[in-house]
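Questions regarding the structure given below will be posed in turn.
We did not get these values from a lab; they are worked out from the coordinates using the rules stated. In this text, all values refer to a predicted model and were calculated from it rather than measured experimentally. Virtual Cβ from ideal backbone geometry, glycine too; neighbours counted across all protein chains shown.
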Amino acid sequence: MTTSRFAPSPTGRLHLGHAYSAVTGRNAASRWLLRIEDLDPGRARPEFVGGIMEDLAWLGLRPDGEPLVQSRRTQLYAEALEELKRQRLVYPCFCTRADIAASLTAPHGDAGSGYPGTCRGLPYDPERRATTLHSWRLDSAVAAACIGTLPGWREADGNIFPSNPNQIGDAVLARKDAPSSYHLACVVDDAATGVDLVVRGADLRPSTPVQRLLQTLLGLPEPTYLHHALVTHEDGRRLAKRDLAPTLQAMREVGVDGGELARKLATGVLPTGYRLATA
């Protein structure tokens with residue numbers, strides 16, 4: 001039995017790209033879970049959780065079992081972080097975002113590849129740790145040396161991808177304002193719920209190397225991945241909540257049939273004005 005999950009963040013209403021991802025995951029697995037990734041205290045809103053449930057029901061998508069809510073599972077992430085501390089694979093980082101931005105000359109992804117290592121190798125200072133807010137970062141060089149060969153991953157179409165060391169930086173695993181980062185919570189929850197097929201957009205493919213590394217370090221099972229094409233506007237612009245992309249709620253309010261939309265998305269047919277990105 002193949003198990004997948006749909007894992008939106010309740011930071012806004014769902015749009016057509018979310019619908020495509022949800023339909024793809026539902027059709028690819030015999031067991032399909034809903035996970036609410038609400039660990040960002042500054043952006044997650046309870047009202048958007050209700051919106052997610054409403055939108056999925058409109059599409060005719062019913063998760064198997066009760067939704068898993070990450071904010072209720074923080075102890076599991078803390079235990080995983082403690083295990084990495086025990087292995088001496090993480091270190092405290094006292095840098096602010098402004099500190100990091102000032103030290104960089106180009107933008108980087110969220111897997112830590114752009115972090116200059118300012119706090120790596122700092123002497124042990126229990127007083128500073130006790131009195132100063134800090135994050136915890138993966139010491140990627142030590143972690144990679146610990147396991148030897150970096151683990152790659154298998155896509156659902158059978159292709160095997162090697163991990164690029166340049167995409168595995170000193171990723172943040174727990175933030176000053178949140179008990180866990182996306183990377184750590186993701187691998188812990190996928191393993192705990194038996195997810196063996198990770199279905200998500202191709203924009204998240206660069207996060208796979210660091211997540212595979214964490215799975216290996218924590219002794220977690222390796223899932224298969226399905227990184228699907230992204231839904232964009234016809235002119236190639238990405239759909240994004242921050243850009244006020246048309247929401248499923250708005251489509252519903254103008255009379256679009258959610259079940260019919262889901263059936264068309266399952267065959268790759270998108271509404272007029274949208275297309276699937278080729279890369």
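Among 70-76, 171-177, how do they line up by average Cβ neighbours within 10 Å per residue, starting with the highest?
On the way: 70-76: 16.0, 171-177: 20.6.
Listed from highest to lowest mean packing, they are 171-177, 70-76.
Give the long-range amide H neighbours of residue 201: residues separated by 5 or more places, or on another chain, with amide H under 5 Å away, using H modelled in the peptide plane at 1.01 Å from N.
Hits under the 5 Å cutoff: 228.
On to the next question. Under 5 Å between amide H atoms, partner at least 5 residues away or on a different chain: which partners does residue 38 have, H built in plane at 1.01 Å?
70, 71
Using each residue's phi in region 15-23, evaluate 6.51 cos²θ - 1.76 cosθ + 1.60 at θ = phi - 60° and report the 3J(HN,Hα) Karplus result to the nearest Hz, with x for Gly and Pro.
Result, ordered by residue: 10, 4, x, 5, 4, 5, 5, 5, 5 Hz.
Select one label from (i) 21.9; (ii) 21.0; (iii) 20.0: the one whose number is Kirkwood radius over Cα pairs in Å as derived from the coordinates shown.
Label of the calculated value: (iii).
At 0.36 nm per residue, and after removing the present C-alpha to C-alpha distance, how many nm does the segment from residue 275 to residue 98 gain when stretched out fully?
Here the answer is 60.0 nm.
Hey, what angle do you get for helix 182-192 against the long axis of the chain, alpha-carbon based, 0 to 90 degrees rounded to 10?
Once rounded, one gets 70 degrees.
Helix 74-86 against the longest principal axis of the chain: what's the angle in degrees, Cα atoms only, rounded to the nearest 10?
It is inclined by approximately 40 degrees.
Please report the relative contact order for the chain, taking Cα pairs under 8 Å with a sequence separation of at least 6, and give it as a percent rounded to a whole number.
Relative CO of the chain lands at 24 percent.
Give the Cα extents of region 152-209 along the principal axes, in whole Å, largest first.
39, 30, 17
Rounded to the nearest Å, what's the spacing between the alpha carbon centres of region 4-36 and region 149-202? Just the number, please.
Centre-to-centre (Cα) distance: 17 Å.
Given R₀ = 45 Å, FRET efficiency for residue 54-residue 85 by Cβ-Cβ distance, to 0.05?
Rounded to the nearest 0.05, the efficiency is 0.65.
Turning to a different aspect of this structure: Can you run phi through the Karplus equation (6.51, -1.76, 1.60; θ = phi - 60°) for region 38-51 and list ³J(HN,Hα) in whole Hz, with x for Gly and Pro?
Coupling constants for region 38-51: 10, 8, 8, x, x, 10, 5, 10, x, 5, 6, 5, x, x Hz.
Could you give the length gained on full extension between residue 252 and residue 233, defined as 0.36 nm per residue of separation minus the Cα-Cα distance, in nm? Numbers along the way, then the final one.
Working: separation 19, 0.36 × 19 = 6.84 nm, distance 1.87 nm.
Length gained, residue 252 through residue 233: 5.0 nm.
I've got another one for you. Counting helices only, and only those DSSP H runs with n ≥ 4, report the 222 nm mean residue ellipticity of the chain as the sum of -39,500 (n - 2.57) divided by its residues, in deg cm²/dmol to the nearest 500.
Dividing the helical sum by the residues of the chain leaves -10000 deg cm²/dmol.
Hey, another quick one. Please report, in whole Å³, the volume per residue of the convex hull around the C-alpha atoms of region 74-184.
131 Å³
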